[in-house]
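We did not get these values from a lab; they are worked out from the coordinates using the rules stated. Just so we're clear, the structure is a prediction, and the values are computed from it rather than from any experiment. Cβ: placed from backbone, ideal geometry, glycine included. Neighbour counts: every protein chain shown.
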């Protein structure tokens, strides 16, 4: 276990609550300082067209339209509690969520949670993500001097709104594909997926989880996602 002098200015409770025996703490966790970047996240299913609910993602539980009262915000993906039915939904089978991590890290794993398949309906299983690509935001200059070949996307690629994203967040940066995998909700309630060896020495504080297919439903629902790795100094 790490010592008490962690770089996150946290106490022992941080690691007590977040520590996974083989993977380390969850650097995406909302209660530890992780956040969802709404301007770079697919629109939440069910929001009214005039709603400012998603763009104020940091205000957990803040509702701006009566019709949005039953809508689960994307922040549920980085909550430490998982409840059946409390998942973030987007239309169809393609979408993405962008997460600001607690601290800069070298990402080693993306961990997905989903309810026990024996306790939910077939329809709920069909809304689970299937094919997933994970991306990390890194310095473009640092990437340019490497001899390794990476799949990349411009930093603006995942921006979905006209509202300007903080330029300091994406300036001089590029997204690098970190993992590509299939999630099967019938396998386990918690499944971890390793990042590609070629990216494990790249430092990031922003990740994107991009879903390209689900298991057959007309919308997709994400439960908790953890991001594990090693802090950089």
Residue order, fewest to most beta carbons within 10 Å, for 111, 161, 127: 161, 111, 127
Förster radius 41 Å - calculated FRET efficiency between residue 118 and residue 31 (Cβ-Cβ, nearest 0.05): 0.90
Inverse of mean 1/r across different Cα pairs in region 76-128, Kirkwood, Å: 13.4 Å
Whole-Å distance, taken between Cα centres, linking region 71-96 and region 212-231: 9 Å
Span from the region 130-206 Cα centroid across to the region 99-127 one, whole angstrom: 17 Å
Cα extents of region 103-176 along the three principal axes, largest first (Å): 49, 34, 23
Cβ-derived FRET efficiency at R0 35 Å, residue 166 paired with residue 230, nearest 0.05: 0.85
Semi-axes of the equivalent ellipsoid for region 124-233, Cα gyration tensor, largest first, Å: 27, 18, 12
Approximate spin-label separation residue 193-residue 140, in nm, with each point projected 7 Å along Cα-to-Cβ: 2.7 nm
Ranked list, fewest to most other Cβ atoms within 10 Å of each Cβ, for 231, 182: 182, 231
